[in-house]
Amino acid sequence: NSVEDEIFSTPDAKSKVRLADYGIKTYPADHELPTIPLPLSRSDYQPSSQTDSKLDPDTNLESMGREYIFPPPNPHLDQFFHHITLYNEKSLRACYVTIRPDILCGAVMDAVTHAVDCCHGELMKRQGGHLRAGLGDIGVDAQLCTRRTRECERVLVVRIILLEEPDGSLDDSEAEEEDWIVEATNYWLAEKKGDEKTANIWPLKMLSPKKGQDKERNNLFPCLSDDYAQLVKKSWKMIVDIIQELETRDLAYCTITTAPFGAFPSLPTLDAHYVAQLRHLSRENMITSLLKTARDLESFALENEHKCNNLTKLLHVAFNSYDIEPPILPEKKPLSAYPLKYDPPDELHPPWGKRVQSALEKISNSSFKASDAVRLVNSAFQRQDDEEMTARLSRKNSQVMERLHQVQEYKRGLLATLRLAYGRFPRATRAAKEFLSITKRINNTADVRDCIPLLTTSVLLATPKSGYTNTTATCVVTSDQIFINIPSIPLLGFLSHAKHFLFSTHDDIQVWEMDKKFHGRLYIGDGMNPDGVRICVNGEERMSFVPEVGAKRFKLFVEMVLEGTKSCDKEDGDVFEEGEDVATFKSQVNTMPMDDFSLALMM
């Protein structure tokens, strides 16, 4: 199973979370799409200072109603707003008005419905915080959502859409009062006054089609299209009526300056519809962080399992050569097999949890600013989600730690099985004696049980400076040593002698890269030259070659053999008491049945 399926898996299938709704998106941020302010009637309110206007959401009226210069596509809208329902339809206009958090969802929808009726529109759908209506060839789609920002503003997203089947009619008696292009351009020029370079680039340049780009820009800006320009202009009355109705009923956020937050007739605390969206948004952010961390843990475990798999493949030849049955890797347990020490707070204290209930009660019984109240509830949800995230990561960490322990035990079992094969398996015993007899000529004093060859591979002598040579050799790796045998050349007869080199697995093994261009006598197509390995003793290079199994795999194999040998030696030290004869233990192992012997290695 994938990380997403595992991280939320529980023994109870009904409690599974649908992760398809929680995708990690990579669309641009909201501020990257240019917007212009909507004409809020109370936008002439001046805060105490410009600093307060920028920092305080309750006084920054310029951001309480904005219209996009061109309608964002559906993926962008889904990134900008939480809990928005989108269909495959063409948007002609898109804007949003910030709504007070202490207002019922039904009150906002009643205001939009009244505005639709005033424009002689036909109501098509009204469900919860979603309303759709037909206005002739166009339709209005209004949804009460939450912006995906740090402040989590509550907004009413109003989109003017193109209907395939016209429904209702549009009263366009006042449509000529708005010239959308002129208003957008004048606003931008006023903001960028004195900066002619910026003003010429945006939006004048984008709103002026270039040669050969008329079709592309008409698709981007519906107001530039002959088919949609009049519909875009006529829809302005619908947007103005919605804004005026929201302000008249003290529902828009700009009324917070004249109708204080939590004062009658508004709610004394946050609306339940808005709280539910804050809960879903907080949980979505938690799941995004949780999956990212869980993927990192899973990647770490998979990397170690991949290394163990490479070791198993390289040792497979040795096991087959010595007629030894390798240990069996234990099966990986699913994440649902581990206990989840977490009780959902919404089940212990429905419907939101104890922390959120306490925050809502505190808001009801105290005097709060609207932005501070939203921040308090959102923080309570985040703390509850952090507890769930900690519990689920702890369960995932337990699974990863056990998998890593199984990998370490399995690698130790592989090497211990081969090391203790001396005296029990004839082929392994013969191979160890032959290796010891050859290496005794170069003062090899290793224990005979450490002389069983684990890996035998061909190598090509080469250096990154001089390039590749024609000399091939044989490399044998045991649990403690690396032996390289350069055979004699038959054509030279007695003038040629075989050369033997013996190194320790503790010596410094480095991987080097050959130049990409042709270098030396060996060349592989597409300019790819194989990497090599150098063995250094006391900081001095003693041997350099290109192994057949690959330089990185060879180095990784030696490192895992060294690591496994240390763990085996430590295991032997734990088994033997001080002063106990090691030969006694060897004799016991030689007489132990194979099934019991393999079982002892895995315990």
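The values are calculated or read from the model by the stated rules, or taken from the named source; none is laboratory data. None of the values given here were measured: they were computed from a predicted structure. Here the Cβ is made from the backbone with ideal geometry for all residues, glycine too, and neighbour counts use every protein chain on show. Just so you know, the surface numbers come from the protein's heavy atoms only, side chains and all, with ligands and any DNA or RNA stripped out. Shrake-Rupley method; radii C 1.70, N 1.55, O 1.52, S 1.80 Å.
Observations, loosely collected:
Per-residue answers, yes or no, for (1) at positive phi; (2) surrounded by fewer than 20 Cβ atoms within 10 Å (Cβ to Cβ); (3) not in a loop (DSSP other than H, G, I, E, B):
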| residue | (1), (2), (3) |
| --- | --- |
| Leu415 | no, no, yes |
| Leu436 | no, yes, yes |
| Pro453 | no, no, no |
| Thr469 | no, yes, yes |
| Cys475 | no, no, yes |
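- Among the conditions (1) open to solvent by 50 Å² or more (accessible area, probe 1.4 Å); (2) of a type in the set (Ser, Thr, Tyr); (3) touching a helix residue (DSSP H, G or I) at 6+ places or on another chain (Cβ under 9 Å), Tyr274 misses just one, which is (1).
- Here the helices (runs of 4 or more DSSP H) wholly within segment 502-603 that include at least 1 residues being at pLDDT 90 or above and surrounded by 13 or more Cβ atoms within 10 Å (Cβ to Cβ) are 551-575.
- Lone unmet requirement of (1) over 30 Å from Thr98 (Cβ atoms); (2) in contact (Cβ under 8 Å) with a residue 12 or more places away in the chain for His405: (2)
- Taken together, the criteria place Leu135 among residues that are touching a Gly at 6+ places or on another chain (Cβ under 8 Å), in contact (Cβ under 8 Å) with a residue 40 or more places away in the chain and open to solvent by less than 10 Å² (accessible area, probe 1.4 Å).
- The residue of segment 382-413 that is nearest to the chain's Cα centre (by Cα), among those that are among the polar types (S, T, N, Q) and open to solvent by less than 20 Å² (accessible area, probe 1.4 Å), is Gln399.
- Checked against (1) open to solvent by 10 Å² or more (accessible area, probe 1.4 Å); (2) modelled with pLDDT under 90; (3) in contact with a Cys (Cβ under 6 Å, 6 or more places away or on another chain), Phe70 meets all criteria but (3).
- Condition check for Val356: within 30 Å of Thr255 (Cβ to Cβ) and either at pLDDT below 95 or open to solvent by less than 60 Å² (accessible area, probe 1.4 Å) (or both): yes
- Pair list, Cβ under 9 Å, 6 or more apart: segment 408-419 residue within 15 Å of Ser321 (Cα to Cα) and charged (D, E, K, R), other residue assigned to a helix (DSSP H, G or I) and open to solvent by less than 10 Å² (accessible area, probe 1.4 Å): Arg419/Thr565; Arg419/Cys568
- Some residue of segment 154-170 being open to solvent by less than 10 Å² (accessible area, probe 1.4 Å), part of a strand (DSSP E or B), among the hydrophobic types (A, V, I, L, M, F, W, C) and without any contact (Cβ under 8 Å) to a residue 60 or more places away in the chain: no
- Selected residue (criterion: nearest to Asn470 (Cα to Cα)) from residues of segment 492-501 that are at pLDDT 50 or above and not in a loop (DSSP other than H, G, I, E, B): Lys499
- Where Asp78 falls short, out of the listed (1) open to solvent by less than 40 Å² (accessible area, probe 1.4 Å); (2) of a type outside the set (Phe, Trp, Tyr); (3) within 32 Å of the chain's Cα centre (by Cα): (1)
- Taking first residues from segment 81-99 that are free of Cβ contacts under 8 Å to residues at least 24 places away in the same chain and partners that are of a type outside the set (D, E, K, R), the Cβ contacts under 8 Å between residues at least 6 apart in sequence or on separate chains come to Leu86/Asn74; Leu86/Leu77; Asn88/Asn74.
- Test result for Thr457, in contact (Cβ under 8 Å) with a residue 12 or more places away in the chain and either open to solvent by 50 Å² or more (accessible area, probe 1.4 Å) or not basic (Lys, Arg) (or both): yes
- If the condition is being touching a residue at least 60 places away in the same chain (Cβ under 8 Å), open to solvent by 80 Å² or more (accessible area, probe 1.4 Å) and in a helix (DSSP H, G or I), then segment 362-381 contributes only Arg375.
- Qualifying residues in segment 281-322 (those that are free of Cβ contacts under 8 Å to residues at least 60 places away in the same chain and closer than 30 Å to Ala431 by Cα) - the one least open to solvent (accessible area, probe 1.4 Å): Asn309
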